[in-house]
Amino acid sequence: MDLDEKTLLQCCGSKRWAREMAGPYENVETLIAKAHDLWWSLEPADWLEAFRSHPKIGEKKAADKVSAQSQHWSGQEQSGLTNASQDIVDSLAALNHDYEQKFGFIFIICATGKTSAEMLSALRERLQHDREAELPIAAAEQGKITELRLNKLLTSS
């Protein structure tokens, strides 16, 4: 399989990550291993760029322009919010704002398989961190999202 930068940006919004990941891969295991290793070798600025390619939890539009595929995947990933009560939606919106004000980036969570209550609980818990502790946690969540999206990309082609 040969993956180009544009295709890889659908999985992770870091341009540096996508550029350095582009190329041929013998198998999925090699691709996932390189994606992981490369992700953790990047600078925090690259992580922050990737975060901007996601909509806030409970919203549909990311801060940066993203592909239709990325937007579609975000909607699927946040499906746990589909039947959320208005109280949870309102709490998520308010706490998302507090989180962004405190840390300077949006709340990132691998939402796949999580209920709205689980996402809200994680947001409340992570708001207790300082930025130094929270940034690698957010980066780890982005790493999980990237891996899921790489697998979706490979199974949909």
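Descriptive notes on the structure:
- When region 31-61 is filtered for residues that are among the hydroxyl-bearing types (Ser, Thr, Tyr) and modelled with pLDDT of 95 or more, only Ser41 remains.
- A single member of Glu134, Glu141 is closer than 23 Å to Leu31 by Cβ, of a type in the set (D, E, K, R), assigned to a helix (DSSP H, G or I) and out of contact with any Ser or Thr (no Cβ under 7 Å at 6 or more places or on another chain), and it is Glu141.
- Scanning region 40-57 for residues that are touching a residue at least 60 places away in the same chain (Cβ under 8 Å) and open to solvent by less than 40 Å² (accessible area, probe 1.4 Å) gives Trp47, Ala50, Phe51, His54, Ile57.
- Residue in region 95-104 that is out of contact with any Pro (no Cβ under 8 Å at 6 or more places or on another chain), touching a residue at least 24 places away in the same chain (Cβ under 8 Å) and open to solvent by 70 Å² or more (accessible area, probe 1.4 Å) present: yes
- Pairs, first in contact (Cβ under 8 Å) with a residue 60 or more places away in the chain in region 120-140, second open to solvent by less than 20 Å² (accessible area, probe 1.4 Å), C-beta under 7 Å, six or more apart: Leu123/Leu92; Leu123/Tyr99; Leu123/Phe107; Ala138/Phe51; Ala138/Phe105; Ala138/Ile108
- For region 1-16, residues that are part of a helix (DSSP H, G or I) and touching a helix residue (DSSP H, G or I) at 6+ places or on another chain (Cβ under 6 Å) total 3.
- Screening Ser116, Ser121 for residues that are closer than 22 Å to Ala94 by Cα, of a type in the set (Ser, Thr, Tyr) and open to solvent by less than 60 Å² (accessible area, probe 1.4 Å) leaves exactly one candidate, Ser116.
- Within region 20-39, being assigned to a helix (DSSP H, G or I) and surrounded by 12 or more Cβ atoms within 10 Å (Cβ to Cβ) holds for Glu20, Met21, Val28, Thr30, Leu31, Ile32, Ala33, Lys34, Ala35, His36, Leu38, Trp39.
The values are calculated or read from the model by the stated rules, or taken from the named source; none is laboratory data. Computed from a prediction, not measured in an experiment: that's the story for all the values here. As a convention, Cβ positions derive from the backbone with ideal geometry for all residues, glycine included, and neighbour counts pool all protein chains shown. With ligands, DNA and RNA removed, areas are computed over all heavy atoms of the protein, side chains included. Shrake-Rupley method; radii C 1.70, N 1.55, O 1.52, S 1.80 Å.
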